[in-house]
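S.K.: Quick one: the structure is below, questions incoming.
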Amino acid sequence: MKLNTIIKGSSLLLLALLFVLVVTGVSWPEGDMDAVTNEDVAWLMFGTDNSSGYALIVLMIGVLLFVALLGGIFLAKEEKE
């Protein structure tokens with residue numbers, strides 16, 4: 001039991017160290033990033049007319065993920081006999 005706890009703790013520390021090294025090792029861009037306003041996002045999502053934009057696709061993907069989540073919960077439930 002004690003050895004199992006030591007292995008779990010050391011692997012957790014190793015993963016935390018790896019995470020810190022990866023985040024600090026990335027060359028992050030300096031200076032101002034491109035300014036994206038809420039209006040730009042709205043034009044991209046909803047478009048200029050009813051037939052363009054990505055809002056319907058994002059909505060359908062959200063519904064699909066919600067149904068998949070409910071299905072996963074239903075399958076994970078333990079049945080009482």
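The values are calculated or read from the model by the stated rules, or taken from the named source; none is laboratory data. Only a predicted model underlies this, so the values are computations on that prediction, with no experimental measurement involved. As a convention, Cβ positions derive from the backbone with ideal geometry for all residues, glycine included, and neighbour counts pool all protein chains shown.
S.K.: Within the bounds of region 3-10, is there any residue that is modelled with pLDDT of 80 or more and in a loop (DSSP other than H, G, I, E, B)?
M.R.: no
S.K.: From 22, 58, which residue is of a type outside the set (Gly, Ala, Ser), outside any loop (DSSP other than H, G, I, E, B) and surrounded by 10 or more Cβ atoms within 10 Å (Cβ to Cβ)?
M.R.: The conditions single out 58.
S.K.: Residues of region 38-49 being in a helix (DSSP H, G or I) and polar (S, T, N, Q), which ones?
M.R.: Correct list: 38 only.
S.K.: Taking the stated definitions as given, is residue 17 aliphatic (A, V, I, L, M) and surrounded by fewer than 10 Cβ atoms within 10 Å (Cβ to Cβ)?
M.R.: In short, no.
S.K.: Considering (1) loosely packed, with under 10 Cβ neighbours inside 10 Å; (2) part of a helix (DSSP H, G or I); (3) not acidic (Asp, Glu), say which one residue 35 fails and leave the rest.
M.R.: All conditions are met except number (2).
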